[in-house]
Amino acid sequence: MPIGEFGRPPELPDQTHGPALATPLYWFYEWGQAALNPSRALADATKLYFKNPLNPFSQTDFGKNMAAAAELFERTTRRYSKPDWHIDSALVGGERVPVTIKPVWERPFCKLLHFERHFEHAPKRPQPRLLIVAPMSGHYATLLRGTVEAFLPNHEVYITDWTDARMVPLTDGPFDLDDYIDYVISMFHWLGIGAHAIAVCQPSVPVLAAVSRMEAENDPYVPFSMTLMGGPIDTRKSPTAVNKLAEERGMNWFRTHVITKVPFPHAGFMREVYPGFLQLGGFIGMNFDRHMEAHRELFNNLVEGDGDSAKKHQEFYDEYLAVMDLTAEFYLQTVERVFVRHDLPNGTFKHRDKPVDPSLIRRTALLTIEGENDDISGLGQTKATHDLCTNIPADKKVHYVQPKVGHYGVFNGSRFRAEIAPRISDFVLSNNVNYADGSSASPRIKPR
């Protein structure tokens with residue numbers, strides 16, 4: 001969130017009067033990117049020249065250092081585009097099956113992607129439909145590549161693919177927290193009876209709100225289960241340094257310091273956004289020393305010819321440095337309602353002026369997961385969901401704390417694959433039967 005998953009906003013001078021400080025910064029950033037294009041091209045040519053095996057300098061310390069320096073300069077100044085998924089197959093029941101990714105539902109600010117597996121022989125084990133709601137917090141949904149891969153063997157996986165706000169024309173209208181909740185409800189309707197949901201970090205709030213509203217309306221499409229992972233349900237519990245930032249700064253600071261308009265020639269020209277480059281500054285500023293050390297190691301690996309280590313660094317930062325703009329209305333509402341006013345735990349959260357009451361949830365099973373060392377969503381913030389969902393039967397509520405992982409480790413990495421993902425899969429399968437007669441839903445059943 002902004003205060004957390006959105007990244008800590010970069011430290012900017014206090015400003016109480018005058019135009020937003022961030023507005024000219026976006027234009028300066030675009031001009032800077034354009035001005036650096038010749039330098040990047042020169043650096044790329046320099047790297048190729050000094051890595052050419054026909055060049056005698058390529059085998060010298062001078063040549064290796066020049067090639068490494070040129071590559072480092074080019075990588076640290078480029079604008080990173082949206083990464084690819086790089087998922088073309090999955091191992092299902094001992095059989096390697098091809099996977100194609102296709103959008104099955106679409107709105108201006110999001111596509112619902114389906115990772116369709118093509119079987120020669122249908123798997124015997126049930127394959128529940130699983131909606132992974134990715135964070136809309138700066139990074140692209142591809143950050144959850146490992147999450148998707150972990151569930152493909154046993155689930156029909158769908159994921160929200162949020163759109164960079166600077167690529168959405170003003171004519172497509174605004175996008176705020178209410179719209180986010182509407183999108184989630186619409187996706188459940190498209191998936192039909194029998195879906196399951198995983199909200200990774202930031203979406204825990206809108207997913208809980210969506211399910212609450214669906215239960216209030218006795219909606220037949222309510223998911224069988226929802227898993228909330230490292231989400232800021234109640235940030236008053238074990239508040240982290242980044243959680244406290246919103247209350248310390250106040251809403252006016254965010255409006256005047258981090259909101260700007262998309263410059264020409266992007267499709268979203270003049271749309272108010274929290275720009276990706278400011279978010280990236282916040283991400284890096286939270287762990288500046290660690291990023292500096294990582295790039296120093298990359299330089300040394302390039303000089304020494306350690307291609308494997310260099311490739312791991314490059315793959316990580318190709319993903320980490322690819323960021324997207326967020327609409328100003330969504331960002332500011334989330335800061336105010338989740339981190340400043342604490343609307344959900346205070347019982348004052350509303351969607352389209354209708355109350356959001358998690359105590360009305362009775363048909364959806366609940367699993368909450370936290371990381372022992374999470375410095376973004378502190379311990380207890382996600383567990384607080386259980387105190388709000390008082391009418392879910394006790395045998396359908398589970399809380400799990402994963403030892404020795406931070407925020408990222410809750411949804412990715414070796415401990416996620418070995419310990420967290422199997423627990424989620426078992427929870428989903430055990431709650432895949434949700435009807436009084438003991439039957440379960442087949443793919444995309446619609447009620448009569």
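Once phi is turned into θ = phi - 60°, what whole-Hz ³J(HN,Hα) does the Karplus curve with 6.51, -1.76 and 1.60 give for every residue of region 397-409, x standing for Gly and Pro?
Computed from phi, the couplings for region 397-409 are 10, 9, 10, 9, 10, 8, x, 6, 10, x, 4, 5, x Hz.
Normalised by the residues of the chain, what does the relative contact order come to in percent, with Cα pairs under 8 Å and at least six apart?
Relative contact order for the chain comes out at 21 percent.
Quick check on packing: order 244-253, 286-295, 231-240 by the mean number of other C-beta atoms within 10 Å, highest mean leading. Mind dumping the intermediate values first?
Numbers: 244-253: 15.1, 286-295: 12.2, 231-240: 22.1.
Going from most to least packed, we get 231-240, 244-253, 286-295.
Pairing the Cα long axis of helix 421-430 with the longest principal axis of the chain, what angle in degrees results, from 0 to 90 and rounded to the nearest 10?
Around 20 degrees separate the two axes.
Give the lysines reachable from Lys64 as a straight Cα distance under 26 Å; neighbours fewer than 8 places away on the same chain don't count.
Counting by Cα, and skipping residues close in sequence, Lys64 has these lysines nearby: Lys47, Lys51, Lys311, Lys312.
Residues with amide H under 5 Å of Gly268's amide H, sequence separation 5 or more or different chain, H placed in the peptide plane at 1.01 Å from N; which?
Met167, Val168
Let me know the charge dipole size of the chain about its Cα centre in debye, to the nearest 20, where only the beta-carbon of Lys, Arg (+1) and Asp, Glu (-1) is charged. Kindly include the intermediate steps, with their values, before the conclusion.
Numbers: 48 positive and 54 negative charges, 124 e Å.
Charge dipole, the chain, about its Cα centre: 600 debye, nearest 20.
Need the list of lysines near Lys350 for cross-linking: C-alpha distance under 26 angstrom, and skip anything on the same chain fewer than eight residues off.
Lys111, Lys237, Lys244, Lys383, Lys396, Lys397
Tell me the angle of helix 22-51 to the major Cα principal axis of the chain, expressed in degrees between 0 and 90 and rounded to the nearest ten.
For 22-51 against the chain, the angle is about 60 degrees.
Sorted by packing (mean other beta-carbon atoms within 10 Å per residue), highest first, where do 336-342, 98-104, 299-305 land?
On the way: 336-342: 19.6, 98-104: 13.1, 299-305: 15.7.
Top to bottom by mean Cβ count within 10 Å: 336-342, 299-305, 98-104.
Cut-off under 15 Å on the C-alpha distance; same-chain residues fewer than 8 positions from Lys261 excluded. Which aspartates and glutamates are left, in chain and number order?
Result set, ordered by chain and number: Glu30, Asp164, Glu272, Asp325, Glu329.
Residue by residue through region 288-299, what is 3J(HN,Hα) from phi via Karplus (6.51 cos²θ - 1.76 cosθ + 1.60, θ = phi - 60°)? Round to whole Hz and write x for glycine and proline.
My calculation for region 288-299 gives 4, 4, 5, 5, 4, 5, 4, 6, 5, 5, 4, 4 Hz in order.
Sort 78-91, 174-187 by the packing proxy (mean of other Cβ within 10 Å over each peptide's residues), most packed first.
Values: 78-91: 13.9, 174-187: 21.0.
Going from most to least packed, we get 174-187, 78-91.
May I ask for the distance between the Cα centers of region 368-391 and region 225-246, given as a whole number of Å?
7
Find which of Asn154, Ser58, Gly230 sits farthest along the positive direction of the dipole of the chain, computed with +1 on the beta-carbon of Lys and Arg, -1 on that of Asp and Glu, about the Cα centre.
Of the options given, the answer is Asn154.
Quick note: the coordinates plus some simple rules give every number you see, no bench work behind them. In this text the structure is predicted, and so the values were computed from the model without any measurement. Backbone-built Cβ (ideal geometry, glycine too); neighbour counts: all protein chains shown.
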